[in-house]
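Colleague: Have a look at this one before I ask anything.
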Amino acid sequence: MSQAQGVQREAIFDSHCHWDHPKLQALQPELWQHCQQQGVADLLVPATVAEHWPQLISLCQQNPHWHLTLGLHPYFLSQYQAADLSLLEQLVAQAQPIAIGEIGLDWHLPADTWEQQEVLFLAQLKLAQAAQLPVVLHVRKCHDRVIKLLRQVRFAQGGFVHAYSGNEQQAHAYHSQGFKLGVGGSITYTRATKTRRLFAALPLAYLVLETDAPDMPMAHQEDRLNRPDDLPKVLHVMSELREEDVATIAQQTTANVRSVLRLT
């Protein structure tokens, strides 16, 4: 057995899992038990809309390995209400999330939403900067714009670029600002040649593993729910693509997550 195909013994960290989703919670507690058996020791749990914040806070209080983030996702802009930002500021102080997210810009949405998306994004960056918290970024079709805004506001807390889809130059720009890049189920598809080539070439110090469960299913599992205990599949494909042993990738990507989140 080659090192690249070795047995995983190191704990790994799912840097993006919608753990509060009803489809995942319906599988509890067995699912979390299986996660632990598979070496998935921690989950970073991003928020999407204000309506779900109380449930998310309550859930993450049940286990210290389920790490709370709070934020307003750009895709759900239509659900945004004027009071949400002030409530977010209050909850950051009260619930003490480990990060702000999932926030960002989505230019897959109609152009007439972009200005409002940007206003909301900048407000949440300001909040994160004041609270000295990293952010979880959702970015579609607008990496250059997001990088420019991060520089303009001199955002200094770093974070994660979820499901990274940019190029190598943009990857270096994000890393220079303290961001790690999310590697998920897309690399399990052999047709994703550009993505696989990029993640094979980038320094391991840039990368973190994620599932985005219950979304973004792995290859050959399109007809089944994506789950956080599927994360080892991403790890093993990374090992094969990079020709590096599983333990090295597990250790470094987990250390990358913990570094951004300032976990000892």
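What follows draws every value from the coordinates through simple rules; no lab data is involved. Nothing here was measured: the structure is a model prediction, and the numbers come from that model. Every residue, glycine as well, gets a Cβ built from its backbone with ideal geometry; the counts of neighbours run over all protein chains shown.
Colleague: Given C-alpha coordinates of the chain, what is the ratio Rg to Rh with the Kirkwood estimate of Rh?
Modeller: Radius of gyration over Kirkwood radius for the chain works out to 0.94.
Colleague: For Pro29, what is the net charge nearby, where nearby means another residue's Cβ is under 14 Å from its Cβ and Lys, Arg count +1, Asp, Glu -1?
Modeller: Once positives and negatives cancel, what remains is -1.
Colleague: If packing is taken as the average number of other Cβ atoms within 10 Å across a peptide's residues, how do 149-156, 174-181, 125-132 rank, most packed first?
Modeller: Highest mean packing first, the order is 174-181, 125-132, 149-156.
Colleague: Right, another one. Calculate, for Gln169 and Gln37, the FRET efficiency according to 1/(1 + (r/R0)^6) with r their C-beta to C-beta distance and R0 35 Å; round to the nearest 0.05.
Modeller: For Gln169 and Gln37, the calculated efficiency is 0.30.
Colleague: On to the next question. If you put +1 on each Lys and Arg Cβ and -1 on each Asp and Glu Cβ, how big is the dipole of the chain around its Cα centre, in Debye rounded to 20?
Modeller: Using Cβ point charges on Lys, Arg, Asp and Glu, the chain gives about 640 debye.
Colleague: Pick out, from Cys60, Gln90, Val161, the residue whose Cα sits farthest towards the positive end of the charge dipole of the chain, with +1 on the Cβ of Lys and Arg and -1 on the Cβ of Asp and Glu.
Modeller: Farthest towards the positive pole: Val161.
Colleague: Hey, what angle do you get for helix 231-242 against the long axis of the chain, alpha-carbon based, 0 to 90 degrees rounded to 10?
Modeller: On a 0 to 90 degree scale, this one is about 70.
Colleague: What does the charge add up to near Glu243, with Lys and Arg as +1, Asp and Glu as -1, over the other residues with Cβ less than 14 Å from its Cβ?
Modeller: It works out to a net charge of 0.
Colleague: What ranking do 96-104, 228-236, 62-70 get when scored by the average of other Cβ atoms within 10 Å per residue, highest first?
Modeller: Highest mean packing first, the order is 96-104, 228-236, 62-70.
Colleague: If packing is taken as the mean number of other Cβ atoms within 10 Å per residue, what is the order of 134-145, 113-124, highest first?
Modeller: 134-145, 113-124
Colleague: How tilted is helix 143-152 with respect to the longest principal axis of the chain? Cα atoms for both, answer in degrees (0 to 90, nearest 10).
Modeller: 60
Colleague: May I ask for the net charge around His18, where only other residues with Cβ less than 12 Å from the Cβ of His18 are counted and Lys, Arg are +1 while Asp, Glu are -1?
Modeller: -4
Colleague: Put +1 on the Cβ of each Lys and Arg and -1 on the Cβ of each Asp and Glu in the chain; which of Gln37, Met216, Leu125 then has its Cα farthest toward the positive end of the dipole?
Modeller: Leu125
Colleague: List the relative contact order of the chain as a percent without decimals, with contacts defined as Cα pairs under 8 Å and 6+ residues apart.
Modeller: For the chain, the relative contact order is 23 percent.
Colleague: Please list, in chain and number order, the residues 5+ apart from Phe179 or on another chain whose amide H is under 5 Å from its amide H, with Hs placed from the backbone.
Modeller: Sorted by chain and number, the residues that satisfy this are Gly159.
Colleague: Would you mind checking the tilt of helix 84-95 against the longest principal axis of the Cα atoms of the chain, expressed as 0 to 90 degrees and rounded to 10?
Modeller: 60
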